[in-house]
Amino acid sequence: MDAQKLSTTFVELADSLVDDFDVFDVLHVLVEGCVDVLGVSAAGLLLADEQNRLHVAASSAERARLLDLYQLQNDEGPCLECYQSGHPVAVEALVSEQGRWPQFAAAAVDEGFASVLALPLRLRGRVIGALNLFGDGDGTLDSPDLIPVAQAMADVCTITILQERLGREQQLLNEQLQHALNSRVTIEQAKGALAAQLDIDPGEAFELLRKRARDTRRPLGELAAEVVSSTPPDKDFQPLGQK
């Protein structure tokens, strides 16, 4: 294992924690780093979306991408088991795993791979995907240093992905909160306008707005904005109890 290459790869992965980054570029740094630093034949990565559906997110080679797709299409393989269990899945001889993964094992052997190691992308019990490392039979995956180093690389990548997701979720939450605050201001204005125009109290005006929004299946904020911008008031707005 080349110490200089290992250091460079970790620096690239760590840089994504502090700088603006493209999350998919980080994923490719991970899979390409595994091949370059660890000496595996190929690497692929499956990543779960917010609905826990796995997708092929990055591959160091086309044959790795096809095998990861094969796992998803046939619902079998080391990455799926790794993702579901949250633990590494190591197989030294794929040719002997026909009973375990009949479709995947045969396809992997046909592609020239002899062994496979799947590692979870996890943080504090949360698993968001799995990293697949393929060996061609030269014994690379048997190295005692491989699993801890590869897992450390995967862990840095996991932190990066979760940080990016948290940022998106926080942005969405802020947008939703701001929209709610803006709508509330408009609703208060609409209540005041209706109360003055129909000579009713603000509480009754609010109930009129809510009833009209439900009857027309429109967002309350949208209806309130229409009330604020229209004069005279909509004929459909009448004090409660009147027709």
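Worth pointing out:
- For the range 95-144, the square roots a ≥ b ≥ c of the C-alpha gyration tensor eigenvalues yield an a/c of 1.5 or more together with a/b not exceeding b/c, which makes the shape oblate.
- Relative to the Cα centre, the charge distribution of the range 40-99, modelled as +1 at Lys and Arg Cβ and -1 at Asp and Glu Cβ, gives a dipole magnitude of about 160 debye.
- Cα-projected label distance for Glu50 with Gln98, points at 7 Å along beta-carbon direction, nm: 4.5 nm
Here, each number is a calculation from the coordinates, and none is a lab measurement. Nothing here was measured: the structure is a model prediction, and the numbers come from that model. Reconstructed Cβ throughout: ideal geometry from the backbone, glycine too, with neighbour counts over all protein chains shown.
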